[in-house]
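Asker: One structure is given below, represented as structure tokens, and several questions about it will come after.
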Amino acid sequence: MTVPVQREGDQIPAMALRGLVKRFDTKLAVSGVSLDVPAGSFYGLLGPNGAGKTTTLSMAVGLLRPDAGHAFLLGYDVWADPSAAKARLGVLPDGVRLFDRLTGPELLAYHGLLRGMDATTVDQRARELLDVLELGAGNRTLVVDYSAGMRKKIGLACALLHAPRLLVLDEPFEAVDPVSAARIRDILQRYVAGGGTVIFSSHVMEVVERLCSHVAILSDGVLRLHGTLGAVRGDRSLEEVFVQVVGGRVSTGSELAWL
Amino acid sequence: MAVTTAEAGPSVWPFVRLKLRMLVNGWRGRPARTALFVAGVVLAGFFAVAGYAIFAIPGVVGDERAASLLLQLGGSMLVFGWLIFPLLFFGVDESLDPSRFALLPLSRRTLIMGLFAAALTGLPALSTLAATAGMVSTVADLGGAAAAFVQFVGIVGGVLICVAVSRAVTSAFATGLRSRRSRDLAVVLFAVVAALLGPLQLALLAGAERADWPAFAAIADVLGWTPLGAPWSLGLDVVAGRLWAVPLKLLIIVVTLVGLLRWWSATLERAMLGAASNGSSRATGNAGSPTGLLLGRRLPRSRFGALVARETRYWWRETRRRASLITFSVAGLFLPVSISLSGGAAGPMAVFVGALAAVALANQFGYEGNAYAANVAAGVPGRVEVHSRAAAHAVFVLPLLLLVALVVGVVSGRPERIAGDLGLLLATYGAGLGLVLPVSVRGAYSLPESTSPFALSSGGGLAKGFLTLGVMLGTLVATVPLQILAWVLGSVWLWIGLPVGAAFGCAAYLIGSQVAGDWLDKRAPEVLVAVTAGR
């Protein structure tokens, strides 16, 4: 641990990233991202496609080894003391398969036992989650045959099962129908109200604007802007700020006149 | 894309250029893939030269009867090979995926001709053409230039049929196998067929030893009138003076080609419409407790129990794994039995079977791709992971090894050897695991995450497959002392074989699994990156 992290009371950030760097072949995917996610916050990580959101989050949760830098979860160094950090963490990775040749209930039981929970608690919570997310506690369909939205939901259930203090969700609302999305929002909001911390990535402004207390904008592997929603947004809409920060073009009206 | 310029008339060149461009771009910054392509060129060249030499022999010796036999039978085998091999082993090169053209304003005819031309632009087709050129040489030697020209037309038609048949059949299968269930079933069926090929081949060879040549010649002549053999016998008919047969056989070739392309075109249409999702059908049973559903009654309610339960389910529910189990069962039973039936010693063969069993774990992390992320995120200790995977595999393999020892003992008429042989089997299985577990951590690679069961594994997988061979060899070497011991001790081994073999196997396994577990603790994220498809 080269970077000292304060461990007193509420001062410990739920997630602290210090100079994370990742290079793929010749492309610099993430170059020196440093970020503090305060405990109890609902943190949105915004960025266009290919900005390095997934890479950053993967390094933060211990799935992808950074070329340089440190990641601390609730004060524990992910790469020096992985088991302590991972035990307090729930992850929903994007673009990652589940063990999809299990049925939903089996998959939840697997995740629960993997986290060292006792069987009775696993059963009770798994049934409740399957019920709340409308996946069906008696559903014998293999997860591989689930629809995309159902797969997101069972993945979320797996991340929630062990009641982690920190939830890291990569694109949790992608491919989820509006009804399920509302339910997921509701669950997450209650979770944060109960003292948990959520950090999630998205490129849907409306969702972020509605849910988040804090936002960070990432593009080309660099953190462009971060802070509370109000501070980042100012008196403009989040979308305007985002497009300006990321450097997208604003239509002048003269292009594509033939359309 | 240059394809849109095809309005002027159905041109196939854009497709061919597209394919070549994709081939070249595939090499960019990937030395491994370039090396693999070079290896492919060498292999294809070897096949072409060897084939040419074989087909040219009858002409050199001037034997017309041998020529008739070899050309018609050999040619038919070639077509059959083109039909069966893509299904069983190689898959088809889907670099021009038909569904990618679905939105372009192309007539079906243009599309089929273009894809067909692109399929012809490949090493397999070229080397087949080169190999069968030996037939032209033979016919030229026997009947002069005119006959050789007719034979040349024949082999071109033959190669076209070869390519068309492989495309049409794989496309038809792939379309028929849209749903996951039927696809899973097909993979398993193919595994059974592939495993039975060995025994079949031996039976055929035995038949060939006894058969009389006139019977074969008759078969060859009949084949010559089927699409399998017709293209290859055109020149021979000229040599034999049966000029009337040539137009008839040309007609057979053309009708076959048109028929195959029509069939391909029809299945392609369905393939391009895409798979209808049918994931909503819910099979709802009575709701047992989730942990009960996962673990059954006997497994411990712990991390280890959950891992073992998931692995055993995967050996059964995941098609690649099930296929490898089936192949192993058939090969494991068949090899020693056939050896002991023909009077050989079953001992060394038993060693081979044990090593073969362990090798199935060589890429154990690659089977589920990046689903392994769940275990990394949960921070499963390396040793627990390794032990649970080996335990789940052993659940399937140990009964099979016992069965192999029993069957071999009974079939060879020496039941007193069962215990000793089982000892040897356990020793090799243990030694194999001891070697393969560390290899599986260091040499993990990604398998294609494809919807088509016939998709090729891309690039590096093949090279790492050599690791598997290394493990086999290493296992055989590691158990040589035990083999020698068994041989020297003779009848004493019958008594001490089982405990000694089991102890040897356990020791080897423990050493290997410790190493593998420690490596995994240090390298779990790297393993995850290695098994993630598309890297």
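The values are calculated or read from the model by the stated rules, or taken from the named source; none is laboratory data. Note that the structure is predicted; figures quoted are calculated from it, not measured. No Cβ is skipped: glycine too gets one built from the backbone with ideal geometry, and neighbour counts run over all protein chains shown. Calculation scope for accessible area: heavy atoms of the full protein, side chains included, ligands and nucleic acids excluded. Shrake-Rupley method; radii C 1.70, N 1.55, O 1.52, S 1.80 Å.
Asker: Report whether or not B:W519 is among the aromatic types (F, W, Y) and closer than 30 Å to A:W79 by Cβ.
Answerer: yes
Asker: Separate question: Looking at B:A377, B:A390, B:A373, B:A405, can you tell me which residue is within 25 Å of the chain's Cα centre (by Cα) and either crowded, with 21+ Cβ neighbours inside 10 Å or free of Cβ contacts under 8 Å to residues at least 60 places away in the same chain (or both)?
Answerer: Of B:A377, B:A390, B:A373, B:A405, the one residue that is within 25 Å of the chain's Cα centre (by Cα) and either crowded, with 21+ Cβ neighbours inside 10 Å or free of Cβ contacts under 8 Å to residues at least 60 places away in the same chain (or both) is B:A390.
Asker: Continuing with the same structure: Quick one: B:L528 ticks every box in (1) over 15 Å from B:Q364 (Cα atoms); (2) open to solvent by less than 60 Å² (accessible area, probe 1.4 Å); (3) not aromatic (F, W, Y) except a single one, so which number is it?
Answerer: Every listed condition holds for B:L528 apart from (1).
Asker: So A:Q189 passes all but one of these: (1) open to solvent by 20 Å² or more (accessible area, probe 1.4 Å); (2) more than 17 Å from the chain's Cα centre (by Cα); (3) among the polar types (S, T, N, Q). Which condition number does it fail?
Answerer: All conditions pass for A:Q189, except number (2).
Asker: Could you list, in sequence order, all residues of segment A:200-234 that are assigned to a loop (DSSP other than H, G, I, E, B), modelled with pLDDT of 90 or more and surrounded by fewer than 16 Cβ atoms within 10 Å (Cβ to Cβ)?
Answerer: Passing the criteria: only A:S213.
Asker: Write out, first by first residue and then by second, each pair whose Cβ atoms fall under 8 Å of each other, whose residues are 6+ apart or on separate chains, and whose first residue, in segment B:30-49, is assigned by TED's automatic domain parsing to the domain that holds B:I155 while the second is outside any helix (DSSP H, G or I) and surrounded by fewer than 12 Cβ atoms within 10 Å (Cβ to Cβ).
Answerer: none
Asker: Do you know which residues across segment A:68-85 are touching a residue at least 24 places away in the same chain (Cβ under 8 Å) and open to solvent by 20 Å² or more (accessible area, probe 1.4 Å)?
Answerer: A:A68, A:G69, A:H70, A:L74, A:A80
Asker: Just to be sure I understand, how many residues within segment A:95-116 are open to solvent by less than 30 Å² (accessible area, probe 1.4 Å) and more than 26 Å from B:T319 (Cβ to Cβ)?
Answerer: Number of matching residues: 1.
Asker: Would you point out which residue out of B:G114, B:G59, B:G74 is under 27 Å from the mean Cα position of the chain (by Cα), small (G, A, S) and either at pLDDT 85 or above or in the same structural domain as B:V165 (by TED's automatic domain parsing) (or both)?
Answerer: Within the list B:G114, B:G59, B:G74, the selection yields B:G74.
Asker: Are any of the residues in segment A:245-255 outside any strand (DSSP E or B) and at pLDDT 90 or above?
Answerer: Taking every residue of segment A:245-255 in turn, none turns out to be outside any strand (DSSP E or B) and at pLDDT 90 or above.
Asker: Determine if segment A:30-48 includes at least one residue that is under 23 Å from A:L156 (Cα atoms) and within 11 Å of chain B (Cβ to nearest Cβ).
Answerer: no
Asker: Starting from residues that are surrounded by fewer than 21 Cβ atoms within 10 Å (Cβ to Cβ) and touching a residue at least 24 places away in the same chain (Cβ under 8 Å), keep the ones in segment B:224-251 and report whichever is farthest from B:M77 (Cα to Cα).
Answerer: B:A240
Asker: Another question about this same structure. Across segment A:52-62, what is the number of residues that are within 11 Å of chain B (Cβ to nearest Cβ) and open to solvent by less than 10 Å² (accessible area, probe 1.4 Å)?
Answerer: Total meeting the criteria: 3.
Asker: Just to be sure before I move on: is A:E206 closer than 21 Å to A:G155 by Cα and in contact with an Asp or Glu (Cβ under 9 Å, 6 or more places away or on another chain) in the structure I sent?
Answerer: Considered against the rule, which asks whether it is closer than 21 Å to A:G155 by Cα and in contact with an Asp or Glu (Cβ under 9 Å, 6 or more places away or on another chain), A:E206 comes out as no.
Asker: Can I ask one more? Please find, within segment A:80-99, the residue that is farthest from A:T54 (Cα to Cα) out of those that are more than 7 Å from every other protein chain (Cβ to nearest Cβ) and in contact with a strand residue (DSSP E or B) (Cβ under 7 Å, 6 or more places away or on another chain).
Answerer: Among them, the one singled out is A:A84.
Asker: Let me ask something else about it. Could you check, for segment B:256-264, whether at least one of its residues is within 30 Å of B:R65 (Cβ to Cβ), at pLDDT 80 or above, more than 29 Å from the chain's Cα centre (by Cα) and away from chain A (no Cβ under 14 Å)?
Answerer: no
Asker: May I pose another question? Among A:A126, A:A157, A:A137, A:A181, which is the only one that is without any contact (Cβ under 8 Å) to a residue 60 or more places away in the chain, more than 12 Å from every other protein chain (Cβ to nearest Cβ) and surrounded by 15 or more Cβ atoms within 10 Å (Cβ to Cβ)?
Answerer: Checking each option against the conditions leaves just A:A181.
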